[in-house]
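Some notes on the structure that comes next.
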Amino acid sequence: MTKKTLFALALMASAILIFNGACKHDPEEMPDPGGNTDCDTLFATYPGTVYPLLDQYCLSCHSGDTPSAGLDFTDYNTVATLAENGSLLGSIRHEAGYVAMPQGTPKLSDCDISKIEIWVRDTTFTEPLPTECDTINVTYPGRVYKTLEKYCLDCHSGASPEAGLDFTDYNTVAAIAESGLLLGTIRQESGFEAMPPSGLKLTDCEIRQIEIWIEDTTFVEPPPPDCDTLFVTYPGTITSILEQFCFSCHSGPSPEAGLDFTDYSTVAYLAENGILMGAIRHEPGFSEMPPSGIMLPDCEISQLEIWIRDTTFSSPPGGIPCDPDTVYFENTILPILQSSCGTIGCHDRATATGRIILTDYTNIMNTGEVVPFNPRESKLYKVMIEEDPDDIMPPPPRSPLTAEQKAAVFDWIAQGALNNYCDEEECDTINVTFSGTIWPVMQNHCFGCHNGANPSGGISIENHEDLVALANNGSLMGTIKHEAGYSAMPKNGMQLSDCKITQTQKWIDDGTPNN
């Protein structure tokens, strides 16, 4: 991220503290925020869910020619920045360190806050583009195809398209988009043939719109022509498929593998972590379903894919309990890779050294050449245990992964390399030690960026003394709590859990002992 962008974000964060005091609403005009038990958190989208809430609670102050504090909430980039840096949720949750919003009115209902939380959680935010660039209403026919028509169809259409690639065919475009070739060529990256070949490059806005379309699209084989893929719903479509193919084993008092498919939470969990599609597609590493060896028809598979693509899944009531014998991708593996590998200049999405991206599950599995259940054949693991300094990852002079981190990656792959997570870990806030509690968190979430000769931001976290200095000046808690005036950490990763933040505060309150 550029210095200008960092400055702009800091300025915007400071503005939050200014605009709240100037913005007042009449409490009598606000609807009662409580009492709603029918909270739809499955279909949380920006235009359909979040923007109407902003319209109801925020736009009276934050819109028009002179929006309060200069923050125009009709501009998606402004809202996205506040969402990404934690200011939006901090304000509407009325958290310590943030000015409660809306001002002078009751807090938003739990349902409305949950919807915004889900949107923030499920959205990949990117560096804001110029306000004249529409990054909200990005569709294939409305944006992407028009860009292709402008730059590409002269060569890639007709009876003999260049390189045999007909860009009037969606399946062709989808295939090269999914493989990474489309972005590699239009970004004119090293190793790709620059497109368009005339030397003219797409604008930043046009490239970003194509990036957004690819990020938000699940590419699937086209369904049969007589297959209804327009009106796919869980009760009307998916339940019927499960009833026909799955209920005979996965229902009743003793369902197979303990998975009751009459329970929506069970189906949603299997859909979200990839197990459902892996099983019905008969992919390597998954138990084939149905177990008879007969695959579902293409239409039913397409309908399931569309339902999963278009659904925002939420955690079941009470959260997903943590199994001490299971290594979870989001809790353990992703922080290690984001901190140590998926960093700027290495394997982040923008740099993609060696065309390897290690910042999200799909790219980690594909570009990291992960073989589920077989870590010793997985490139991701093999480069971690290399002894040759020219091949080991992370490369020198960066510090190698610890034995514990390598073991975690090995166990995760051996357990199937699932896209899994848990959120009910036992939180010990009594027996907090530096070596057993605090330092492992720093190693997994911070050490990859903040070590070596050129640590990120000039901040080194290589030992107890380094961390004590950050604790004493307040920046340690400020960054992990995503407080205003501090850079939210871990960078580009999920915020530390409430448990880890509480444990860190306990260690500081105890005097930052080296125990």
Could you tally the net charge around Val371, taking each other residue with its Cβ under 11 Å from the Cβ of Val371, Lys/Arg +1 and Asp/Glu -1? +1
Can you tell me the order of 151-159, 411-419, 178-186 when each peptide is scored by its average per-residue count of other Cβ atoms within 10 angstrom, highest first? 411-419, 178-186, 151-159
Excluding Cys299 itself, calculate the net charge of residues whose Cβ lies under 10 Å from the Cβ of Cys299, where each Lys or Arg counts +1 and each Asp or Glu counts -1. -4
Which FRET efficiency, nearest 0.05, do Cys249 and Asn515 yield, Cβ-Cβ r, R0 56 Å? 0.65
If every Lys and Arg gets +1 and every Asp and Glu gets -1 at its Cβ, then about the Cα centre the range 434-509 yields a dipole, in debye to the nearest 20, of 180 debye
State to the nearest 20 debye the size of the charge dipole of the range 234-309 about its Cα centre, where the only charges are +1 on K and R beta carbons and -1 on D and E beta carbons. 60 debye
Expected unfolding gain across Asp325-Thr502 under the 0.36 nm per residue rule, minus the alpha-carbon gap, is 61.3 nm
Distance in nm between label sites at Asp360 and Tyr140, each 7 Å beyond Cα in the beta-carbon direction? 1.8 nm
Between Asp216 and Gln188, what is the label-to-label distance in nm when each label sits 7 Å out along the Cα-to-Cβ direction? 2.7 nm
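No value in this document is a laboratory result; all are computed from the given coordinates. Bear in mind that the values here come from a model prediction, so they are computed numbers and not experimental data. Don't worry about glycine lacking a Cβ; one is built from the backbone with ideal geometry, like all the others, and counts go over all protein chains shown.
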